[in-house]
Amino acid sequence: MDAGFAMMLVLISMSVLMLFMTVSLAAVIQNSVPSRADQDSKAAVAAAQGGIEEYLGRLQNDSEYWRRNNVDSTNSAFDTAGTYLPGNTSGAKYSYRVLNSISDIDAGNPIQLEVTGISSPSATGKVVKRVLRAQLQKTGTSGAWTPQYAYFSDYEVGDPSQFASANSKCGNYYYGTVAGTASSSGRNSVASNATACPEIPWLTGDAVTGQIVSNDPLYIPGNPTFSVKPKSAWAGASSKWYWGSGTPSQTSQTGTVVSNLPSDNTYLLKDVNPRPDGGDPGPGCLYKGATKITFSGTSFTVYSPGTTTTTTGCFNATNASAAQTFTSIPPVIYVQSSTNTSCGSLGYPASNEYVSPTGYYTDATGGVQYTPSYACTRGTAYVSGTVNGNVTVGTENDIVVGGDLTTANTTTNMVGLNAGQDVWVYHPLKANTTTSTVGPTTQTGVSSCTTGTSTTGNTTTTITCSSQYCTSWFIFCLAYGYDKTTTTVTTSSSYANLLTTPVTTIQASILTGSGSFLVQNFNRGAAISTTTTNRLAVTGSISQKWRGPISTISSTGATISTGYLANYTLDSRLPNQVPPYFIDPGLATWSLTRLTDG
C-alpha cells in the first residue's frame, strides 16, 4: 500500500512538472513571435531611414532632383517594390515618393518625402513595412549666408563705387580687419572719418525687430531701438561693436559672425524660360532691358520694350510696345541687360522728375544726387504692387521699388528681391525748368544754317533755321540769309520731393550680394519720416555687402534731416522657408528638418 501511494505521488509530481514545462514552453514560443516581429519592424525603420539618407544624397548631387516628379528610370526606389540599401543585394528594402507638387516646392516650401521601409522576408515570405515622413529643407552650409537676420551687412560704410572719397581707407573695415586685432588700415584711422568717409548712421527713431548683424562696427550717433542683442564679428569689448555718441537700446553684442554673401545672382538664370545657356527651360520668366512689373493679386503686368522673345505665360513679343497682363505669377522673374535704347512709356524717370546728367556725382547745380541709372539698356526691374503668390525677382543690374510692395497673405506668400547691383527705394525730386528763346534773328552773308539740338550738362540748346533767302543781282546771289531761332532750356532742382505718396512698405527678403539697399536722393528733399510716421517698413530680411544710406543726419548729430527712418522686421518664417530659388544652390544644402512616423 505504501508503494502504491508513493507511485501515485510520483505520477502527480510528474504531471505537475509536465504541465509547468508545457506552459513555460508555450510562453517562450508566444514571446518569440513579437521578438521576430520587433526585429523586422526595426529593420524596416532602419531601411526607411537609409532611404531618406539616399534621397538627400541625390539632392546634394542635383539640388533640383525633386523636379523629376517621382520618375527616374535609373532609380528603382520610386517603384513600390523598393530597392535594397546601397551596397546590398539582399535584406531590407525601401521605396519613396515626394508627396507635394513641383509648384508647391517652387513656392519655397519644404519637400515632403514619404519613405517606406520593408523588412527582409521571413521563412513564410512575410514582410513588415514601416512608413516615415521626412521634411527636407534647403538651408545654408557652414559659413554660408542664409536670410536669417532682420538686417545684415558686410560693411557699414557706403559703396566706394557710389561715394567718391579722397582716402582709400574709406573702403576698408572700420578696424581694418573683419575681427581680431585692429590694423592701421582701418577707417577709424582716417581723420574726421564720420564725414571724410561715407559712414552710414543709426539714428534716433530707427528700429530693428529681429537680429541685426554686421561684420563691421555700427556707427550710432543716435538712440536706435534693437529688439535683441546685435551680433558682431567684433566679439570683444562692447565698445568695439559700435562707435559714436549715441546709445542703442541693446548695449552688448553676442557671438561672432562671418557670413559670405553670394557674389552674383546668375544662378537664377537656370530657372527661367528661355534659358540664356540654351538648357532646359525653367518655370520662371526672362526679360531684357528696363522692365516695369506691377503685381496685382495672383496676376502681374509687365512692360518690357526690350524683350524680343515670346514665352507662354511671360511675354508676347509681337506686342512688346504695350503692357501685358498674365494671370499666374511665376516663381522667378529675371531681367537681363539689352541693346534696346528705347524705354517707350516705361514711366521712369517720371514726368517733371529731376535727373542729374552726371548720375552719382556732382551735378550742374553744385549738389550731389544719388540715383539709379534710367538707361533703357540696363537689366533693371521697376517693381510694385501686391503679390498673392511666391516669387523672386532677380536682375543683372538694379531693382527699383517704385511703389509699396506687399503680400496678400503674410502666412503663405513670400517675395524675394535679388539684385545684381543695388535695390533702390524710389524717391524722385521735382525738376525746375527755365526756358529762354532768342530770335528769330536774321543772319546774312551765310550760305548754310543747321537745325539741331545739343546738350551740355543740364542745358539743352535747340537751333531752328527757316526763311532762306538770296539777295541777287541778275542771276547771281550777292548774299545768303536765314532766320535763326535759338532756344535754351536749363533744368535744375529745388530738391523738393516729387511723390505725394512715398514708398513706405516693402514685404520682401532683399539681397544685394555686391551692392546696397538704399534710398534714391536720400540726401535731398524734406525728411519723409518722423519718429512715429512714414518710417521705411521692411518686413522680411535685408542682406547687403555695403550699407546703403536711407537718410542724412541733422546738425544735432542724432536725428533725421532727409530721407527715411528705418523700421526693419524679420519675417519669422525665415530661414526655414524662403522665397523660391532665393538661395544660391552652391551655397545651400538640403537637410532633414522634421521626421514623423507615417
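The values are calculated or read from the model by the stated rules, or taken from the named source; none is laboratory data. What you see is a predicted model; the values in this text were computed from it and never measured. Cβ sites come from the backbone with ideal geometry, for glycine too, and all protein chains shown count toward neighbours. Ligands, DNA and RNA are stripped out before the accessible areas are found, and what is left, the full protein with its side chains, is counted by its heavy atoms. Shrake-Rupley method; radii C 1.70, N 1.55, O 1.52, S 1.80 Å.
Which of the peptides 403-416, 568-581 is most tightly packed, and how do the rest follow, judged by the mean count of other Cβ atoms within 10 Å per residue?
Details: 403-416: 18.5, 568-581: 21.4.
Highest to lowest by the protection proxy: 568-581, 403-416.
Run down the aspartates and glutamates and flag those whose C-alpha is under 19 Å from the C-alpha of Lys430, throwing out any fewer than 8 positions away in its chain.
Candidates past the 8-residue exclusion: Glu353, Asp363.
Could you state the accessible area per residue of the range 60-124 in Å², with a 1.4 Å probe and every protein chain left in place?
Details: 3300 Å² over 65 residues.
For the range 60-124, the per-residue accessible area is 51 Å².
Treating cross-link reach as a plain straight distance, find the aspartates and glutamates whose alpha-carbon is under 20 Å from the alpha-carbon of Lys229, omitting any fewer than eight places away in the same chain.
Lys229 reaches Asp154, Glu156, Asp206, Asp216, Asp571.
How big is the gap, in Å, between the Cα center of the range 63-119 and the Cα center of the range 490-568?
First find each Cα centre; the distance between them is then 48 Å.
Given points 7 Å out from each Cα along the Cα-Cβ axis, report the Ile102 to Ser345 separation in nanometres with one decimal.
3.6
Sorting check: for 212-225, 66-79, 44-57, 87-100, which peptide has the highest mean count of neighbouring beta carbons within 10 Å, and how do the rest follow? Intermediate values should be presented prior to the final figure.
On the way: 212-225: 22.8, 66-79: 12.9, 44-57: 20.4, 87-100: 16.5.
Peptide ranking by packing, descending: 212-225, 44-57, 87-100, 66-79.
Using 7 Å Cα-to-Cβ label points, what is the Thr455/Thr485 separation (nm, one decimal)?
2.2
Mind checking which aspartates and glutamates have their Cα closer than 16 Å to the Cα of Lys93? Skip sequence neighbours fewer than 8 apart in that chain.
Answer for Lys93, where 16 Å is the Cα cut-off: Asp40, Glu53, Glu54, Asp79, Glu114, listed by chain and number.
Taking H as built 1.01 Å from N, whose amide H comes closer than 5 Å to the amide H of Trp145, not counting residues under 5 places away?
Those lying under 5 Å, H to H, from Trp145 are Asn260.
If we count every other residue with Cβ under 13 angstrom of Leu269's Cβ, Lys/Arg +1 and Asp/Glu -1, where does the sum land? Write out the running numbers ahead of the final one.
On the way: positive: Lys270, Arg275, Lys288; negative: Asp264, Asp271, Asp277, Asp280, Glu396, Asp584.
Spelling it out: positives minus negatives among the neighbours equals -3.
Sort the following peptides by mean Cβ neighbour count (other Cβ atoms within 10 Å, averaged over residues), highest first: 149-160, 524-535, 281-292.
281-292, 149-160, 524-535
Measure out, as a whole number of angstrom, how far apart the alpha-carbon centroids of the range 569-598 and the range 183-212 sit.
Between the Cα centre of the range 569-598 and that of the range 183-212, the gap is 32 Å.
Would you mind computing, in nm to one decimal, how far apart the modelled labels at Glu53 and Ser466 are, each placed 7 Å from Cα along Cα→Cβ?
Those two pseudo-labels are separated by 8.8 nm.
On average, how much accessible surface per residue is there in the range 195-302, in Å², for a 1.4 Å probe, leaving out ligands, DNA and RNA? Numbers along the way, then the final one.
Working: 3900 Å² over 108 residues.
With all protein chains present, the range 195-302 gives 36 Å² per residue.
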